[in-house]
1. When the accessible area of the range 130-184 is computed with all protein chains present and a 1.4 Å probe, what percentage of it is carbon and sulfur?
2. Which loop trypsin sites (Lys or Arg not before Pro) in the range 48-157, with loop taken from DSSP, have no more than 13 other Cβ atoms within 10 angstrom of their Cβ?
3. Amide H neighbours of G30 under 5 Å, counting only residues 5+ apart in sequence or on other chains, H built in-plane at 1.01 Å?
4. Would you mind calculating the gained length between I82 and L109 on full extension (0.36 nm times residue separation, minus the Cα-Cα distance), in nm to one decimal?
5. Where a Cα-Cα gap under 14 Å defines reach, which aspartates and glutamates qualify for K90, not counting those fewer than 8 residues away within the same chain?
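The values are calculated or read from the model by the stated rules, or taken from the named source; none is laboratory data. A quick note: this is a predicted structure, and the numbers were derived from the prediction, not measured. Cβ placement follows ideal geometry from the backbone for every residue including glycine, while neighbour counts extend to all protein chains displayed. Side chains are part of the model used for accessible areas, which takes the heavy atoms of the whole protein and leaves out ligands, DNA and RNA. Shrake-Rupley method; radii C 1.70, N 1.55, O 1.52, S 1.80 Å.
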Amino acid sequence: MKKIGLICAASTLFLGCAETVQAPALHDFGVNNARPVQSQKNPASAEIKVSAPKWLSDNRIQYRLLYDQPTRVRFYNLDQWIAPPPELLKLHFDAVRLDPHDSLVIQLLNFEQQFDAPGSASVLLRFSADVFAAGSKNKRESREFALRSGRVSPDAQGAVRGFAELAEQASQQVQAWLRSLTKP
């Protein structure tokens, strides 16, 4: 009888703890950066593709302590992206206007919050962009972009705000680059 009482008490304790586990908050780039894709996207332009290595195709928000174990990637437990970063960037880049004879392939290379000291953080967005003739494997141009935010609050909210700002900057810089390219 004593064993049954202990099992019941342990089960109650375990179940009680399980109920207090908090679900992660889900984030995107915010309503200020939301774009009505159908109204802005040029229907004649080729589709933009965004890809990333497996370690960046995850919903978790990554950060790195450069001052302590700079090779260790960490994740916020109570905050996540609503979709993996390549999908969020794809939605953001869908509003980029392309010449109907071009297609754009973006490869995400880095997407993390970095702490250079306790309480001092910024975010880094690095990607390569390749322009192809639509329907062809002939690469016209390539460029790598590396964007770093100013100081952001040293928490998940700072990371989210920083990435929203960098996504907008990335979109603007890619559009300016595309406009500067000479036509074949």
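1. That share works out to 47 percent.
2. For trypsin sites (Lys or Arg not before Pro) across the range 48-157 that sit outside H, G, I, E and B with at most 13 neighbouring Cβ atoms in 10 Å, the list reads R72, R97, K137, R151.
3. The list, which skips near neighbours in sequence, is empty: none.
4. Result: 7.8 nm gained on full extension.
5. D28, E47, E168
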